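The values are calculated or read from the model by the stated rules, or taken from the named source; none is laboratory data. Bear in mind the structure is a predicted one, so any value in this text is a computation, not a measurement. Because the Cβ atoms are built from the backbone with ideal geometry, glycine has one as well, and the counts that use them run over all protein chains shown. Protein only, heavy atoms only, side chains kept; ligands, DNA and RNA dropped before computing areas. Shrake-Rupley method; radii C 1.70, N 1.55, O 1.52, S 1.80 Å.
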Amino acid sequence: MDLGAITKYSALHAKPNGLILQYGTAGFRTKAEHLDHVMFRMGLLAVLRSKQTKSTIGVMVTASHNPEEDNGVKLVDPLGEMLAPSWEEHATCLANAEEQDMQRVLIDISEKEAVNLQQDAFVVIGRDTRPSSEKLSQSVIDGVTVLGGQFHDYGLLTTPQLHYMVYCRNTGGRYGKATIEGYYQKLSKAFVELTKQASCSGDEYRSLKVDCANGIGALKLREMEHYFSQGLSVQLFNDGSKGKLNHLCGADFVKSHQKPPQGMEIKSNERCCSFDGDADRIVYYYHDADGHFHLIDGDKIATLISSFLKELLVEIGESLNIGVVQTAYANGSSTRYLEEVMKVPVYCTKTGVKHLHHKAQEFDIGVYFEANGHGTALFSTAVEMKIKQSAEQLEDKKRKAAKMLENIIDLFNQAAGDAISDMLVIEAILALKGLTVQQWDALYTDLPNRQLKVQVADRRVITTTNAERQAVTPPGLQEAINDLVKKYKLSRAFVRPSGTEDVVRVYAEADSQESADHLAHEVSLAVFQLAGGIGERPQPGYKAAETTHNINNAFGPGTANEHTVP
Ligand code: 16G
Ligand code: MG
């Protein structure tokens, strides 16, 4: 390590005084102007991680669904997964080190992690379309270079595309070619093969409106469109030519506001979807004949996908172990449908993609989705081999199903949840099953639910267990929630400190919207009283007229607590 050079270059990427940041569920995220030093330092850290794992490491510059002025960075581990937890701590430590402590912190990390500094390092970098991203990714490159690492800058990429590149590079090309064409070709080939077998070929099945959040998804979908146009025609909205990134559009907006994005005309029963700003989340929606808006969230996406996979396995005659992974935010109706109707086992993990991804790896086939639209399906190597063999050996009908499954496996981005890949999977399944968007939506009816936020002096006083479904501290809170839940039918409620905002989140679900609203309000009051609430006491406030059919995981804007659906 050339400590002199590190000190010299680090001073060119100086840390603002007093700024403390934490590597959270999705890396570092804050105002872009505060991130130059973090980018440089993450370049350094990526080199150490690469040396330690003897693998290519990814660095993605994005702040996903945050406003355009923000930015962020996250590191991608060798198999395309999120950075290991012990390294998240190193990232936080390094990002917050004062200039004079930089050398010591770097040496500490290298010693703790037994990094062989003589080892070569390779880092790949991607960025979203934010105005600040190009300069910030240059700072990452500075960090990589100072520590003697090699790099490849992919430039503009969606987050899941960068995960894909890392995965391809570290598996010797077995997963795919680590180029943007490689990605387009792999997914499009699988998609076109699949949709060729669909008997319904009317326009209704083959056209889709896509809201791209004015982000990177628009650029990449436009580049990719002609590869799969034989099977699907996409009409892009919020493509970045006019509007601001994530402003009044995108998956996060649609999900939390329960309404269509600005700039998209929707005719009744037209199938529409929204990506978020870095295209790793997707939700679907439509307007019914009466003009009512219907959201189809991650829970229903997981249901469609896992039901289809299960049906294929039955046709092939394989009894593989398939599991669906959700979080506590999954609507109770989706869990019941999967367990009782589809007979698929369902597991619950803490919020945050890495927890779901990790759990899904335990199955032959693991499908995971958060209600907010983050998710994908993972297939074990043994399953991939088995299905490949079956696609060649079995008799006709079974072979057809095996071939379909083989293509579906190729169509999923198994490195990370991916809006483009998920969209193509969903479109292929709808076409193959001849399902309209309404029929898909009608698989089950969501239980009415409500989310609120409560402000407390220190949200860390709330600790949870059982995948965030039960509060351990403060004392008495869980007992209070239990007593409140008993008052309503089909009810459930939980609270957890947010990992991205300084609030406590409250979720409640019950047999009617009125009951869900009451329960959420009462639980908010319990949090306010027992967990050190600050500001105005939570007020009751939902009127029937203000509710919508499918309030789910609505992390809308709001302060002390939310009373209206914005
Ligand atoms: C982050 C997570 C997302 C989770 C959300 C919860 C990743 C890539 N993203 O955006 O999965 O749903 O945080 O936010 O892991 P909250 O802790 O504020 O409720
Ligand atoms: Mg995102």
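Key figures for this structure:
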quantity	calculated
Near pairs, Cβ below 6 angstrom, 6+ apart or cross-chain, from region 498-511 (closer than 16 Å to K350 by Cβ) to any residue that is among the polar types (S, T, N, Q) and open to solvent by 60 Å² or more (accessible area, probe 1.4 Å)	G499/T25
Test: K259 is surrounded by fewer than 20 Cβ atoms within 10 Å (Cβ to Cβ), on the phi < 0 side of the Ramachandran plot and either charged (D, E, K, R) or at pLDDT 95 or above (or both)	yes
Residue tally, condition more than 16 Å from ligand 1 (Cβ to nearest atom) and either open to solvent by 10 Å² or more (accessible area, probe 1.4 Å) or modelled with pLDDT under 95 (or both), over region 262-285	10
Cross-chain or 6+ apart pairs with Cβ under 7 Å, region 262-281 first and within 25 Å of L157 (Cβ to Cβ), then within 16 Å of ligand 1 (Cβ to nearest atom) and open to solvent by 30 Å² or more (accessible area, probe 1.4 Å)	D276/H65; D276/D252; G277/H65; D280/H374; R281/H374
Residue in region 297-312 that is in contact with a Lys or Arg (Cβ under 8 Å, 6 or more places away or on another chain), within 16 Å of ligand 1 (Cβ to nearest atom), assigned to a strand (DSSP E or B) and open to solvent by less than 10 Å² (accessible area, probe 1.4 Å) present	no
The lone exception for G18 - which of (1) among the small types (G, A, S); (2) surrounded by fewer than 23 Cβ atoms within 10 Å (Cβ to Cβ); (3) touching a residue at least 24 places away in the same chain (Cβ under 8 Å) it fails	(3)
Evaluation of D418 against (1) over 18 Å from A328 (Cβ atoms); (2) within 16 Å of ligand 2 (Cβ to nearest atom); (3) open to solvent by 10 Å² or more (accessible area, probe 1.4 Å) (one fails), failing number	(3)
3 or more residues closer than 15 Å to T30 by Cα: qualifying strands (runs of 3 or more DSSP E) within region 40-134	70-76
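This table checks each residue for (1) on the phi < 0 side of the Ramachandran plot; (2) outside the structural domain of F40 (by the TED database).
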{"site": "S133", "(1), (2)": "yes, no"}
{"site": "G149", "(1), (2)": "yes, no"}
{"site": "Y167", "(1), (2)": "yes, yes"}
{"site": "G176", "(1), (2)": "no, yes"}
{"site": "V192", "(1), (2)": "yes, yes"}
{"site": "V210", "(1), (2)": "yes, yes"}
{"site": "K220", "(1), (2)": "yes, yes"}
{"site": "M224", "(1), (2)": "yes, yes"}
{"site": "N238", "(1), (2)": "no, yes"}
